[in-house]
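What follows is one structure encoded as structure tokens, with my remarks underneath.
Just so it is clear, none of the values below were taken in a lab; they were calculated from the coordinates. Model, not experiment: these values are computed from the prediction. Cβ sites come from the backbone with ideal geometry, for glycine too, and all protein chains shown count toward neighbours.
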Amino acid sequence: MNKNMNIKKNTLGKIDNYWGELKSRVLFVLGAILIFRIGTFVPIPGINIYLLSNMLSFKNNIFINMFNMFSGGSLYHASVFTLGIMPYISASIIMQLLIIISSYFKELKKDGVVGDLLINQYTRYLTLLISIIQSFLMLLTFIHFNKSQFIFLNVSLSFYLIFIFSLTTGTMFLMWLGEQITSRGIGNGSSIIIFIGIISNLYGSLLNLIKNFVFINIFSVLKLFFLIFIVLLVILFIVFVEIAQRKILVQYAIRGNISSFNTYSKIQNTYLPIKINISGVIPAIFSSSLIMLLSLFIEWFLKFVNIGLYYYLINFVFLVKLFKIIFYSLLIMFFSFFYTFLIFNPKETSDNLKKSGAYIPGIRPGNYTKIYINKVLFRLTLFGSIYICIICLLPEFMYEVFGVSFYFGGTSLLIVVVVIIDFISQIQTLILSGRYFSMLKKSNLF
């Protein structure tokens, strides 16, 4: 009796504290966002921010703009958050590849919670290493800029060490902040940080876009409205695909007794829902981060090693752009299949169905069910990867048709919409859980 009373008391306590927990989670996310935004304006000591910002704005390089976008404008402010959370994303990519390639990491993955903790620890160490390497490459790039612009206020070994230490510390802090958002807030912390970085410069970019259409008279107002219509249509398409599901019919055979001599069997239908785009925004983020890293390294390498080769390649703008589009599309498709089959195991799903006495009509349990689910998953992933490619290549289409680089498009548009959908769905799940406990409280079941 006392045990039942304790259970009832604990349950009612959870109900009463539910809304307070939801409020604290939302406030924690808002506080983390505020800290991130403040950090984007904390400069690295010893850099002339005004000269650096003017120089980067004058260059108007697509890779510089993308790097600045993902870091929330930190690059133009020479902030300690300049590298953003991309080194952590890169480390996560490498660790996921190692789980497939290395037998050691495969065994770690099978160890459950303990193995996940070790993998997360290795990911943090790898993030630290990648941050140091990227900070060093960023320093070499800034030294090259400093030859003509004098953006460094003090050139010395101590300044170089402070530069690398500041960028590395900023990235490690963002990694920790993202993990805190995931565990104590709502949604995926890394995705929310990238999301805030994207929308932080949205207002100024939209003003520049409208100015290019209206005040400079490069384009007509009609084209501006047509551009807005396309963006709204793409947003609608993204929402439709992200919430769409392929439902596989699954049947259970339920047996019951009419009497001690007669039994009956009843078929119960249910569905195995599979999202069309299981990988979500991960392929877009992974591919964009790799493209940024590779292009930054190639541009730095060609400038410092062979200046003639760099300008020779720049002359073939069409071939470079075509190669980038093909390579970017292949990366997206690779990460779509890689991540989908990493988080969704057809063999494990078929085994679970067999153990629970369920089966797919017309498909034999076991290996045949696995083959069928594998086929469905392959088709859905193929469609999902093509869909992500179309969305991410939207800026190229915008530039070719309208002659203007559209900030809120492609990868950024996909990330923003998917993160908002995920954030809203998690809040709805928490609210439904609270209503469920409230109904139990009113019905006096506890």
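Points to keep in mind about this one:
- With the simple spin-label model, which puts each label point 7 Å out from Cα in the Cβ direction, the Leu382 to Ile420 separation comes to 3.2 nm.
- Cβ-based net charge around Ile85, under 13 Å, with every Lys or Arg adding one and every Asp or Glu removing one: 0
- A cut-off of 5 Å between modelled amide H atoms, ignoring neighbours fewer than 5 places along the same chain, links Lys275 with Arg246.
- Computing FRET efficiency as 1/(1 + (r/R0)^6) for Ile343 and Asn54, where r is the C-beta to C-beta distance and R0 is 45 Å, gives about 0.50.
- Long-range Cα-Cα pairs in region 65-128 (distance over 15 Å), rounded percent: 57
- Förster-model FRET efficiency, 35 Å R0, Leu233 and Arg364, C-beta, rounded to 0.05: 0.20
- Residue separation of Leu249 and Ile143 scaled by 0.36 nm, minus their Cα-Cα distance, works out to 32.0 nm of gained length.
- The length gained on full extension between Ile133 and Lys106, counted as 0.36 nm times the residue separation minus their Cα-Cα distance, comes to 7.0 nm.
- Other residues within the sphere of radius under 13 Å centred on the Cβ of Gly185, judged by their own Cβ, net out at 0 (K and R +1, D and E -1).
- Packing rank of 136-142, 226-232, 72-78, where each peptide gets the mean count of other beta carbons within 10 Å, highest leading: 72-78, 136-142, 226-232
- Across region 73-169, Cα pairs under 8 Å and at least six residues apart give a relative contact order of 31 percent.
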